[in-house]
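A short write-up of the structure that comes next.
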Amino acid sequence: MGFDIRRLDIYRKVPKDLTQPTLTGATISICTCMFIFFLLISELSSFLTTDISSHLYVDDPQSGDKVPVLISVELPKMKCEYIGLDIQDSMGRHEVGFVDNTDKVPINDGEGCIFTSSFKVNKVPGNFHVSTHGSREQPLKPDMTHIIKELRIGDRFQAPNTEAAAFNALEGQSTVEKNGLSSHDYVMKIVPTVYETIDGDTKYMYQYTHAYKDYIAYGHGQRVMPAIWFRYELTPITVKYTEERKPFYHFITMVCAIIGGAFTVAGIIDSMIFSASEAYRKFQLGKLS
């Protein structure tokens, strides 16, 4: 007689006429199926959700030695013809009246201006400032009160699940109630930030914090020459955010664990309840020994 492979079946079947359905068992079965359904939906949602991990290291991985900067400032009481951008740093760079990629939009019937400029700075301590230093003629009544519409460093990218304000911390900063002759000084600490998406795309951004003060600055001949200064320094610490998704095998493992664990626990509960009820029934009949 040949070997019967059915002997290897560890899931032996019990004929239906040897099983006994109960109301308790049906209740437990329904509750178990609902519980399993809830856990499976939760696990599927977790599997489809992109997680973001972060870590720090000492490096700035962006290629090149330049950092892109975008600034947009509204000056409600200063004509566009006087406004310019000056850039300085510790490597000796000193540009007065920077004009590349610069846009000036008159407002308030030409009495004010929205100044926008994009440029690149070296990765060394320095400053850039909006001023009238590059103008051939100086205004009779300079007024550098302003509203910062945007100051962004690095790539423009809205990283999910991160503090968006940290990448544009000066947005909405207003000094319109300050003295019109005051100079405004923003000291910024810049943190290089790398964001790697689930698709492998890498964005290089920069978070920053700032401190502010205003003061009266005198130029040659005791002439007041207000300006808006942005002094910056990059930290050597880089923050890296990485989008991650749980592997598929992890999802399958959790599904098996949920189904198997739920049915096993439900079976134990049902068996305990059934045994207890049978023992109680025998006790009432006086057959319990």
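The values are calculated or read from the model by the stated rules, or taken from the named source; none is laboratory data. None of these values were measured; they are calculated from a predicted model. Virtual Cβ from ideal backbone geometry, glycine too; neighbours counted across all protein chains shown. All accessible areas refer to the heavy atoms of the entire protein, side chains included, with ligands and DNA or RNA removed. Shrake-Rupley method; radii C 1.70, N 1.55, O 1.52, S 1.80 Å.
Among the candidates Glu43, Glu81, Glu74, Glu95, the residue that is acidic (Asp, Glu) and more than 30 Å from Phe157 (Cα to Cα) is uniquely Glu81.
The number of residues in segment 142-166 being at pLDDT 90 or above and open to solvent by 60 Å² or more (accessible area, probe 1.4 Å) comes to 1. Among the residues examined, Asp103 does not qualify as surrounded by fewer than 17 Cβ atoms within 10 Å (Cβ to Cβ), more than 33 Å from the chain's Cα centre (by Cα) and at pLDDT 90 or above. Leu140 meets the conditions (1) under 17 Å from Trp229 (Cα atoms); (2) assigned to a loop (DSSP other than H, G, I, E, B); (3) among the hydrophobic types (A, V, I, L, M, F, W, C) in every case but one. The failed one is (1). Checked against (1) open to solvent by 80 Å² or more (accessible area, probe 1.4 Å); (2) touching an Asp or Glu at 6+ places or on another chain (Cβ under 8 Å), Tyr241 meets all criteria but (1). For Val96, the stated conditions do not hold, so it cannot be described as touching a residue at least 12 places away in the same chain (Cβ under 8 Å), out of contact with any Gly (no Cβ under 8 Å at 6 or more places or on another chain) and assigned to a strand (DSSP E or B). The set of residues in segment 209-237 being at pLDDT 90 or above, touching a Leu at 6+ places or on another chain (Cβ under 8 Å) and among the β-branched types (Val, Ile, Thr) is empty.
Tyr206 - would you say it is modelled with pLDDT of 90 or more and either within 19 Å of His55 (Cα to Cα) or in a loop (DSSP other than H, G, I, E, B) (or both)? Spelling it out, Tyr206 is indeed modelled with pLDDT of 90 or more and either within 19 Å of His55 (Cα to Cα) or in a loop (DSSP other than H, G, I, E, B) (or both). Please work out if Val121 is at pLDDT 90 or above, under 19 Å from Tyr204 (Cα atoms) and open to solvent by less than 30 Å² (accessible area, probe 1.4 Å). In short, yes. Can Tyr218 be described as in contact with a strand residue (DSSP E or B) (Cβ under 9 Å, 6 or more places away or on another chain) and open to solvent by 60 Å² or more (accessible area, probe 1.4 Å)? So Tyr218 fits the description; yes. Give the residues of segment 241-266 that are within 30 Å of Gly200 (Cα to Cα) and in a helix (DSSP H, G or I), sorted by residue number. Within segment 241-266, Phe248, Tyr249, His250, Phe251, Ile252, Thr253, Met254, Val255 qualify. Consider Ile269 carefully, then state whether it is assigned to a helix (DSSP H, G or I) and either open to solvent by 60 Å² or more (accessible area, probe 1.4 Å) or free of Cβ contacts under 8 Å to residues at least 40 places away in the same chain (or both). Answer is yes for this residue. Is it true that Ile87 is at pLDDT 80 or above and farther than 30 Å from Ile228 by Cα? No, not satisfied.
Scanning segment 174-202 for residues that are surrounded by fewer than 16 Cβ atoms within 10 Å (Cβ to Cβ) and assigned to a strand (DSSP E or B) turns up Ser174, Val187, Lys189, Thr202.
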